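A.B. asks: Okay, handing you the structure first.
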Amino acid sequence: MMTEVLREEAVPLLSRPAPAPAAADLVPTGIEATARITARRDAAGATVLPVLEGEGPLAVRRLRAVGAEARAALVGAMSAPLGGDRLAVHAEAEAGARLRLTSTAATIALPGQHGQPAFYDVRLTVGRGAAVHWLPEQLISAAGSDLHVTTDAEVAEGGVLVLREEQVLGRTGEPPGRLTSRLRVRCAGRLLLDQELCCGPGAPAGWDGPAVLAGLRALGQLLVVRPEFADAPVQPRMLADHASVTPLAGPAALVTAVAPDALSVRKLLDEAMTELLA
Amino acid sequence: MHLDHATTFPERHTHSAEPVRADGTRRALRIGLGGPVGSGKTATVAALCRALRDTVSLAVVTNDIYTREDADFLLREAVLPPERIAAVETGACPHTAIRDDISANLEAVEDLEDAIGPLQLVLVESGGDNLTATFSKGLVDAQIFVIDVAGGDDIPRKGGPGVTTADLLVVNKTDLAPHVGSDLDRMARDAKEQRHELPVVFQSLRSDAGVAEVADWVRGRLAAWTAA
Amino acid sequence: MSRAALLVLADGRFPAGGHAHSGGAEEAVKAGRITDAESLERFCRGRLHTTGLVAAGLAAAAALGTDPLALDEAADARTPSAALRAAGRKLGRQLLRAARATWPSPELAALAAARPRGAHQPVVLGLTARAAGLGPEDAAYCAVYESVSGPATATVRLLGLDPFQATAVLARLAPAMDETVRSAVAAARRVPDEGVDALPRAAAPLLEIGAEAHAAWPVRLFAS
């Protein structure tokens with residue numbers, strides 16, 4: 001399958017060469033790059049991708065469509081984000097279109113040369129009766145990094161959004177970097193979810209304590225917005241010791257999972273996804 | 001003095017102690033049942049429900065120290081349909097929930113009426129507590145204090161706000177008196193001394209009479225409430 | 001304004017139902033995450049900087065006169081756990097009852113009419129502070145103090161923790177509470193220009209998850 005081929009091709013994100021020493025003397029500027037994807041429903045009912053643009057470390061590949069659903073993947077062409085970088089992904093499914101967006105490898109936040117924070121902004125727009133599945137691989141917050149991730153989603157009436165976010169605090173055996181991750185979702189013009197997690201060195205005290213993460217290093221969320229949930233909300237319940245599914249105050253369900261490792265989180269989210277999309 | 005109350009106590013219209021509902025109809029009579037752990041409060045509530053449910057529209061709020069235990073007992077005994085039983089968590093302080101901070105209990109009473117329509121009677125059962133636990137007048141219109149003969153026949157003599165001031169004192173499990181060496185006559189004399197004219201009922205739920213006398217007392221209060 | 005009104009509102013005996021809520025401590029105690037004064041302190045710090053900060057922002061904004069219904073929607077969005085939304089509205093309804101009896105005001109009456117099932121507690125708290133003639137800092141102080149005093153009191157009851165130690169935990173948190181209030185009020189003051197998105201939205205995953213676990217227990221001492 002196409003996705004598997006891409007996985008093999010993906011450049012290990014850690015192999016990005018460090019900037020040339022001379023660059024340190026210049027005004028420190030990171031990379032600014034935006035990937036744009038627009039999905040449109042054509043006359044035949046299929047979804048086409050009239051806009052599919054990557055830039056710098058954010059390359060985008062078209063994958064084979066499945067039924068009426070167009071698919072694309074972000075390809076980690078360079079290691080990013082480094083401190084100072086400003087990356088963005090803008091994806092939109094226009095009315096009735098169906099888009100599934102994945103990434104081919106985990107994203108690793110790394111420190112830059114000058115200690116500046118990096119920014120990663122994801123903007124998802126789901127038109128009337130459209131569907132967007134945003135299912136990137138994990139975000140790994142490496143020691144010394146400082147990344148601000150903002151995910152903003154706007155879902156129009158009758159739209160479907162399936163959004164997965166996973167964070168891993170530190171590579172194996174290393175302490176985490178600083179990570180600030182905000183997830184904000186509007187549904188039919190109404191605020192549905194606004195949450196921000198701050199963790200790592202410099203985050204407000206208690207982030208690793210018994211109320212927030214309790215020393216666990218991997219966490220994930222799966223948000224499913226579906227019109228069906230307006231009349232038949234999911235029943236809140238536990239999925240594991242540190243994982244639950246809960247209905248939001250709108251046509252949506254949210255799975256939150258915290259675990260010692262990324263694999264456990266993924267397994268919980270995958271199982272929950274099967275159930276929530278059934 | 002009472003002429004001033006309308007302005008002196010505007011809060012009366014916000015926290016549901018007033019006897020009429022917002023629409024002008026008389027709200028349900030609320031009777032509290034308190035008393036020490038194991039004295040038979042829940043069994044008395046269950047028996048009252050069975051005795052009254054055919055003629056009175058009623059519901060129950062329980063305040064168990066371990067929430068839901070009593071509500072579950074009432075459900076198992078099938079004395080009332082589940083929508084007529086509400087449980088209130090008390091944060092390990094049952095007396096606080098019926099006396100010092102009655103807000104959760106008031107919510108529970110109102111929620112019952114919202115869910116099932118106007119009621120005539122709400123029984124509020126406290127969690128088992130000590131002899132000093134009594135209900136706030138902001139929560140109930142009358143209270144029953146339930147003790148039992150096995151808890152010691154000196155309890156009426158010891159007094160305490162529950163024994164001395166409750167509108168009805170119930171001395172429960174009289175069938176056990178010979179087995180635990182409790183002197184019922186002495187309990188009656190002590191109760192009379194502490195309570196003067198306030199009524200006392202000796203009951204055994206295992207006897208044929210069962211809860212009949214307490215049920216009659218409740219009917220009397222209900223008639224007086226409705227007529228007022 | 002009356003400074004004493006702040007003491008009336010902040011008093012743990014203010015009859016608004018708080019005594020029956022542990023702020024997640026009952027679940028954390030059972031799960032073994034709170035075992036002593038030291039872990040209680042770390043729990044409280046985490047709660048202060050997440051739930052406490054969010055509540056303080058909402059309360060301060062309500063005290064400044066922000067539309068309480070917009071804040072109620074913002075509170076929903078900041079409370080993904082259905083169990084915590086239910087607890088927040090229940091406590092809000094109880095506080096509204098106490099507040100209307102204590103400091104009657106047309107704004108409180110209007111909120112009660114618009115949200116008969118209860119508005120989120122921090123929103124009611126801010127509006128109550130306003131009705132009592134208090135300001136946004138006062139409202140935020142009440143919110144942050146509640147966010148840690150609830151778990152501390154509950155832990156005394158649940159673990160038999162030495163009450164002097166629990167109170168010392170609260171005293172050690174005082175500087176962090178001051179800081180949290182400053183940050184919440186600063187955000188609330190940006191609401192007229194930036195809307196409710198300016199308010200804090202800090203999340204505590206284990207509090208959210210633990211609240212669902214707790215709500216499913218067949219038997220428990222605290223309502224949340």
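The values are calculated or read from the model by the stated rules, or taken from the named source; none is laboratory data. What you see is a predicted model, and the numbers here were worked out from it, not measured in a lab. Cβ placement follows ideal geometry from the backbone for every residue including glycine, while neighbour counts extend to all protein chains displayed. Each accessible area value is taken on the protein alone, full model and side chains, heavy atoms only, with ligands, DNA and RNA left out. Shrake-Rupley method; radii C 1.70, N 1.55, O 1.52, S 1.80 Å.
A.B. asks: Failed condition for C:Ala171, given (1) assigned to a helix (DSSP H, G or I); (2) within 30 Å of A:Leu179 (Cβ to Cβ); (3) not hydroxyl-bearing (Ser, Thr, Tyr), with all others met?
C.D. replies: Looking at each condition in turn, C:Ala171 falls short on (2).
A.B. asks: Has the stretch C:171-194 got at least one residue that is among the basic types (Lys, Arg), more than 14 Å from chain A (Cβ to nearest Cβ) and surrounded by 18 or more Cβ atoms within 10 Å (Cβ to Cβ)?
C.D. replies: No - not one qualifying residue is present in the stretch C:171-194.
A.B. asks: Could you list, in sequence order, the residues of the stretch B:145-199 that are of a type in the set (Val, Ile, Thr), over 20 Å from B:Asp129 (Cβ atoms) and modelled with pLDDT of 95 or more? Give the steps one after another, and end with the answer.
C.D. replies: If we filter the stretch B:145-199 for residues that are of a type in the set (Val, Ile, Thr), which is where we start, we get B:146-147, B:149, B:155, B:163-165, B:170-171, B:174, B:180.
Then keep just the ones that are over 20 Å from B:Asp129 (Cβ atoms); that gives B:174, B:180.
Within the stretch B:145-199, B:Thr174 is the sole residue that qualifies.
A.B. asks: Scanning for something within 10 Å of chain C (Cβ to nearest Cβ) and surrounded by fewer than 19 Cβ atoms within 10 Å (Cβ to Cβ), does the stretch B:149-172 turn up at least one residue?
C.D. replies: Scanning the stretch B:149-172 turns up no residue that is within 10 Å of chain C (Cβ to nearest Cβ) and surrounded by fewer than 19 Cβ atoms within 10 Å (Cβ to Cβ).
A.B. asks: To continue, here is another question. For the stretch B:54-61, indicate whether the set of residues that are under 30 Å from C:Gly12 (Cβ atoms) and either within 14 Å of chain C (Cβ to nearest Cβ) or open to solvent by less than 20 Å² (accessible area, probe 1.4 Å) (or both) is non-empty.
C.D. replies: The initial filter retains those residues of the stretch B:54-61 that are under 30 Å from C:Gly12 (Cβ atoms), namely B:60-61.
Right, trim to either within 14 Å of chain C (Cβ to nearest Cβ) or open to solvent by less than 20 Å² (accessible area, probe 1.4 Å) (or both) and you get B:60-61.
Taking every residue of the stretch B:54-61 in turn, at least one turns out to be under 30 Å from C:Gly12 (Cβ atoms) and either within 14 Å of chain C (Cβ to nearest Cβ) or open to solvent by less than 20 Å² (accessible area, probe 1.4 Å) (or both).
A.B. asks: Run down B:Glu213, B:Glu193 and say which single residue is out of contact with any helix residue (DSSP H, G or I) (no Cβ under 9 Å at 6 or more places or on another chain) and either exposed (fewer than 13 other Cβ atoms within 10 Å of the Cβ) or not small (Gly, Ala, Ser) (or both).
C.D. replies: B:Glu213
A.B. asks: Keeping to the stretch B:116-157, report how many residues are part of a loop (DSSP other than H, G, I, E, B) and at negative phi. Full working, then the answer.
C.D. replies: Taking the stretch B:116-157 and keeping what is part of a loop (DSSP other than H, G, I, E, B), we get B:117-120, B:126-128, B:130-141, B:152-154.
Next, only the ones that are at negative phi stay: B:118-120, B:126-128, B:130-141, B:153-154.
The number of residues fulfilling the criteria is 20.
A.B. asks: Quickly run through the stretch A:72-107 and pick out the residues that are free of Cβ contacts under 8 Å to residues at least 60 places away in the same chain and open to solvent by 30 Å² or more (accessible area, probe 1.4 Å).
C.D. replies: Selection gives A:Arg86, A:His90, A:Glu92, A:Glu94, A:Arg98, A:Arg100.
A.B. asks: B:Glu83 passes all but one of (1) over 19 Å from B:Val20 (Cβ atoms); (2) within 14 Å of another protein chain (Cβ to nearest Cβ); (3) part of a helix (DSSP H, G or I); which number fails?
C.D. replies: It is condition (2) that B:Glu83 fails.
A.B. asks: While we're looking at this one, here's another question. Please list, ordered by first then second residue, the pairs with beta carbon atoms under 7 Å, 6 or more apart or interchain, first in the stretch C:173-202 and free of Cβ contacts under 8 Å to residues at least 24 places away in the same chain and of a type outside the set (Val, Ile, Thr), second outside any loop (DSSP other than H, G, I, E, B) and open to solvent by 30 Å² or more (accessible area, probe 1.4 Å).
C.D. replies: Pairs that qualify, where the first residue is free of Cβ contacts under 8 Å to residues at least 24 places away in the same chain and of a type outside the set (Val, Ile, Thr) and the partner is outside any loop (DSSP other than H, G, I, E, B) and open to solvent by 30 Å² or more (accessible area, probe 1.4 Å), are C:Ala198/C:Arg190.
A.B. asks: Restricting to helices (runs of 4 or more DSSP H) lying wholly in the stretch C:32-111: which have 1 or more residues that are surrounded by fewer than 24 Cβ atoms within 10 Å (Cβ to Cβ)?
C.D. replies: Helices (runs of 4 or more DSSP H) meeting the threshold: C:37-47, C:68-77, C:82-102.
A.B. asks: Which residue out of B:Glu113, B:Glu89 is within 14 Å of chain C (Cβ to nearest Cβ) and open to solvent by less than 20 Å² (accessible area, probe 1.4 Å)?
C.D. replies: Numbers: B:Glu113 fails: open to solvent by less than 20 Å² (accessible area, probe 1.4 Å).
Result of the check over B:Glu113, B:Glu89: B:Glu89.
A.B. asks: With respect to C:Thr79, determine if the residue is within 10 Å of chain A (Cβ to nearest Cβ) and of a type in the set (Val, Ile, Thr).
C.D. replies: yes
A.B. asks: Quick one: which residue in A:Val185, A:Val225 is open to solvent by less than 20 Å² (accessible area, probe 1.4 Å), modelled with pLDDT of 95 or more and more than 10 Å from chain C (Cβ to nearest Cβ)?
C.D. replies: A:Val225
A.B. asks: Here is a further query. Tell me whether the stretch C:162-171 contains one or more residues that are over 14 Å from the mean Cα position of the chain (by Cα) and aromatic (Phe, Trp, Tyr).
C.D. replies: Yes - at least one qualifying residue is present in the stretch C:162-171.
A.B. asks: Can you name the number of the only condition in (1) within 11 Å of another protein chain (Cβ to nearest Cβ); (2) of a type outside the set (Ser, Thr, Tyr); (3) over 11 Å from the mean Cα position of the chain (by Cα) that C:Gly52 fails?
C.D. replies: For C:Gly52, the failing item is (3).
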